[in-house]
Amino acid sequence: MLDFLQAYGVFGLFLGSFLAATVVPFSSDALYAGVLLAGCPPVACLLAGTLGNWLGGLTSFAIGWLGKWEWIERWFHVSPTKLEKQHDRVERWGVWLALLTWLPFVGDLFAIALGFYRISPVRCGIFMLLGKFLRFLGWTLLFYYTGWNMLPSL
């Protein structure tokens, strides 16, 4: 697995982080940790992971903004009922909800809902970027302080 991650490295992390924030259900956190453990530069990983995941989140936001139910249901498996249930959250928290679009399971739903209910795209984009950056920064710092000890002795 590490050979595969090293082969694609930072570009693979960017692409994987993008896909994880859109239609492909997998953990970009696990991918991020794997690429760090494979020896890729932490700053490059931080930038690639953040930008890929942010652009994926913006894609989810844009699909919500377009409001095409068939796309939302087909690609994100979000029913109209589920999206309508998010209305109160979006009304209550507004753009602040964009900070949480990195969360597993509900992050994509938040991004779609923010777009669907037409919350400010610029402000959502900034808050989404900040949330995703802080998430990957946390993983980078965790790796920096403990990661080298996670590698088995060979």
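Which of rounded, prolate or oblate describes the chain when judged by the alpha-carbon gyration tensor and an a/c cut-off of 1.5? Here the chain falls in the prolate category.
Distance between the modelled labels on R74 and L15, one decimal in nanometres: 2.4 nm (7 Å Cα→Cβ projection). Just to confirm a number: summing +1 for Lys and Arg and -1 for Asp and Glu over residues other than I119 whose beta-carbon lies under 13 angstrom from that of I119, what do you get? Residues close to I119 contribute a combined charge of +3. Each residue of the stretch 46-56 is assigned a 3J(HN,Hα), and the resulting list reads 4, 5, 5, x, 5, 5, x, 5, 5, 5, x Hz, derived from the Karplus form 6.51 cos²θ - 1.76 cosθ + 1.60 (θ = phi - 60°), x at Gly and Pro.
Would you mind classifying the stretch 18-86 by shape? Square roots of the alpha carbon gyration tensor eigenvalues, ordered a ≥ b ≥ c; an a/c under 1.5 is rounded, otherwise it is prolate if a/b is larger than b/c and oblate if not.
prolate
When E70, E91 are arranged by Cβ crowding within 10 Å, least crowded first, meaning fewest neighbours, the order is E70, E91. Relative to the current alpha-carbon distance between R92 and R123, full extension at 0.36 nm per residue lengthens the span by 9.6 nm.
Of all the options V90, V122, V35, the one that moves most in a Gaussian network model of the chain with Cα springs shorter than 10 angstrom is V122. Considering only Y117, Y144, Y32, the Gaussian network model of the chain with Cα springs below 10 Å gives its largest mean-square fluctuation to Y144.
Over the residues of the chain, the helix contribution to mean residue ellipticity at 222 nm works out to -22000 deg cm²/dmol, using -39500 (n - 2.57) for each DSSP H run of at least 4. Taken as Cα centroids, the stretch 57-72 and the stretch 106-143 sit 15 Å apart, rounded to the nearest whole angstrom.
None of the figures in this text is laboratory data; all of them are computed from the coordinates on show. Bear in mind the structure is a predicted one, so any value in this text is a computation, not a measurement. Neighbour counts run over all protein chains shown; Cβ positions are idealised from the backbone, glycine included.
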